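Here the structure comes first, spelled out in structure tokens, and everything after it is commentary.
The values are calculated or read from the model by the stated rules, or taken from the named source; none is laboratory data. All figures in this text were calculated on a predicted structure; none of them were measured in a lab. Ideal geometry is used to build each Cβ from the backbone, glycine not excepted, and the neighbour counts take in all protein chains shown. Each accessible area value is taken on the protein alone, full model and side chains, heavy atoms only, with ligands, DNA and RNA left out. Shrake-Rupley method; radii C 1.70, N 1.55, O 1.52, S 1.80 Å.
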Amino acid sequence: MRSALQWVDHTDRVISQANRVQKLLVDMETGNRSYLLTGEQIFLEPYTQAIAQIKPALNDLKHLVDDNPIQVQRVEELQQQHANWIRGVPNLALAQSNQAELRATLLRRKQEMDAMRSLIANFIATEEQLHSDRVRTVQQISRFVTATSVGLAIIIGAVLAYVSWQQLRKVAQTYTTMLASLQQSLDDRNAAEGALRNSEERFCRAILEAPLPIMLHTETGEVI
């Protein structure tokens, strides 16, 4: 689960970085086109800022997808196209001196930028598909973990219930044995007391039923 979640987070970072690259490409084209059309220096600000950031951004993007050869190839192709686009930046004075040439240059550079945007769009689409697949994997693992947890809880509950039942049965058996032993002791005592009473009764009857002694006097006066 942890590994699957890490891959989802990784894909989120790749998509975020790819969107940043895409925005920088748009800023480059917009700033450069506006500057060529107007000649105003202020329109170069987004272009200048994007130029300073685009190379590190592409390198970071390539590093993030170094486990995916297809995506690495796309980034390398994008780097090459970007380098060609930068080398083809027209001179402002020459471009404005010939409006037809300026128009043709802008169209050509737009087509080159469209190719780069298409490439980064395909890159993002691939990452979004990976993101969906990895989220689906997380969901599957989550369902599996939930089902496994419930199953384990049932098994553990059953085992605990069985162990408790065994312990209770042993306690009940011990209690039953103790009661039986106590009852046997009581029965033995009652029997002994009964036997003693019978003996006493027989002894008393024997004494009562015994004949009285006859006293005989001899001529000498002795009692026999």
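Which whole-number percent gives the relative contact order of the stretch 1-128, counting Cα pairs below 8 Å spaced six or more residues apart?
Values: 93 pairs, mean separation 39.4, N = 128.
Contact order relative to length: 31 percent.
Label V8 and T137 with points 7 Å out from Cα along Cα→Cβ: what is the distance between them in nm?
About 1.2 nm separates the two model spin labels.
Using the Karplus equation 6.51 cos²θ - 1.76 cosθ + 1.60 (θ = phi - 60°), what ³J(HN,Hα) coupling, rounded to whole Hz, does each residue of the stretch 124-129 give in order, writing x for Gly and Pro?
These are the phi-based 3J(HN,Hα) values: 5, 4, 4, 5, 5, 5 Hz.
Across 5 Å bins from the origin, how do the percents of Cα pairs in the stretch 1-132 run, short distances first?
2, 10, 19, 21, 16, 11, 8, 6, 4, 2, 1, 0, 0
Keeping all protein chains in the complex and leaving out DNA, RNA and ligands, what accessible area do you get for M1 with a 1.4 Å probe, in Å² to the nearest 10?
Rounded to the nearest 10, that gives 80 Å².
Calculate, for A153 and S16, the FRET efficiency according to 1/(1 + (r/R0)^6) with r their C-beta to C-beta distance and R0 41 Å; round to the nearest 0.05. Show your work: numbers first, answer last.
Values: r = 39 Å, r/R0 = 0.95.
FRET efficiency, A153 to S16: 0.55.
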